[in-house]
Amino acid sequence: MDSATAVVTGASRGIGEQIAHAVAGAGAQTVICARDAEALDAVATDIRDAGGSVTAIRTDVRDEYDVERLVETATRAGNGAIQYVVANAGVYHGTAGETPLTEESYTAFDDHLRTNARGVFSTIREAVPHLGPDARIVVPTGVVAREGMPGYGSYAVSKAAAEAVTRGFAAELDTPVGAVDPGQVATDLSGDGGRDPESVAEMVLWALRDADPSALDGDVLDWGDYRSATR
């Protein structure tokens, strides 16, 4: 990824933090964002200490003007074009598996959709004018987006919407746009008992750099796809 520019949203913790480390470690000029400026700056410091090149900018993906400023910063920080976008920013209001739709608040429903679905839309939409000729866009997702599972409420609804946004852009753009589903991941958002975020970051790096673009585009690559391709 030497000399390429990568944008990673939701990079202050969890999967996003590890994706930022992986992309910067692969040589990309990495532009990271999140709402928590202090946590984001700490991630940027760690990346620089490890020898990576990174620019941190506080961004709320619910605000398209914030996202516009993010991608414009990325074009200035890099070589004028963005090669990799990871639309990772997401929230979960409540405890994973314990937020049934029957008890969901309207506030939680609205913010899940605004952050997890509209945030993906704004990230991709604002990045499009700045994409390089070999760019790729990846959206992390989960099985709750495709299978009805009790207790995931409007979070699951928002992830399904994010996948629909991903497929829509894939159908309309020449740039490969796809989702990756790593399965259960051990993060504050999804709870304990899952895969290490570092291993998930390697999966996302594979999707950005090495996966067959025709397999990625408009589809969901899962852990099995990743393991089969990297054996």
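The values are calculated or read from the model by the stated rules, or taken from the named source; none is laboratory data. The structure presented is a predicted model; accordingly, all values stated were derived computationally and were not measured. Ideal geometry is used to build each Cβ from the backbone, glycine not excepted, and the neighbour counts take in all protein chains shown. Remember, those area values only see protein heavy atoms, side chains included, never the ligands or the DNA or RNA. Shrake-Rupley method; radii C 1.70, N 1.55, O 1.52, S 1.80 Å.
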Examine the stretch 117-132 for a residue that is surrounded by 18 or more Cβ atoms within 10 Å (Cβ to Cβ), more than 17 Å from residue 67 (Cβ to Cβ), modelled with pLDDT of 95 or more and within 14 Å of the chain's Cα centre (by Cα), and state whether such a residue exists. no
Counted residues in the stretch 81-107 being in contact with a Gly (Cβ under 8 Å, 6 or more places away or on another chain), open to solvent by 30 Å² or more (accessible area, probe 1.4 Å) and of a type in the set (Ser, Thr, Tyr) come to 1
So how many residues does the stretch 129-161 have that are in contact with a Phe, Trp or Tyr (Cβ under 8 Å, 6 or more places away or on another chain), within 26 Å of residue 1 (Cβ to Cβ) and without any contact (Cβ under 8 Å) to a residue 60 or more places away in the chain? 2
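Take residue 110 and decide whether it is part of a helix (DSSP H, G or I) and open to solvent by 50 Å² or more (accessible area, probe 1.4 Å).
Values: part of a helix (DSSP H, G or I): yes; open to solvent by 50 Å² or more (accessible area, probe 1.4 Å): yes.
Yes.
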With the checklist (1) within 22 Å of residue 14 (Cβ to Cβ); (2) basic (Lys, Arg); (3) without any contact (Cβ under 8 Å) to a residue 40 or more places away in the chain in hand, flag the one item residue 62 doesn't pass. (3)
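Residues that are modelled with pLDDT of 95 or more and among the small types (Gly, Ala, Ser), at least 2 per element: which helices (runs of 4 or more DSSP H) completely within the stretch 3-103 meet that?
Values: elements: 14-25, 37-49, 64-77.
It comes to 14-25, 37-49.
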For the stretch 54-74, indicate whether the set of residues that are of a type in the set (Gly, Ala, Ser) and either closer than 25 Å to residue 209 by Cα or surrounded by 24 or more Cβ atoms within 10 Å (Cβ to Cβ) (or both) is non-empty. yes
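Go through 34, 28 for me and flag whichever is crowded, with 24+ Cβ neighbours inside 10 Å and within 12 Å of residue 1 (Cβ to Cβ). Working first, answer last.
Working: 34 fails: within 12 Å of residue 1 (Cβ to Cβ).
Every option except 28 fails the conditions.
Give me the residue from the stretch 209-220 that is of a type outside the set (D, E, K, R) and under 18 Å from residue 168 (Cβ atoms) and, out of that set, surrounded by the most Cβ atoms within 10 Å (Cβ to Cβ).
Taking the stretch 209-220 first, the residues of a type outside the set (D, E, K, R) are 211, 213-216, 218, 220.
Narrowing further to those that are under 18 Å from residue 168 (Cβ atoms): 213-214, 216, 218, 220.
On the way: 213: 13, 214: 10, 216: 23, 218: 17, 220: 19.
Among residues in the stretch 209-220 that are of a type outside the set (D, E, K, R) and under 18 Å from residue 168 (Cβ atoms), the one surrounded by the most Cβ atoms within 10 Å (Cβ to Cβ) is 216.
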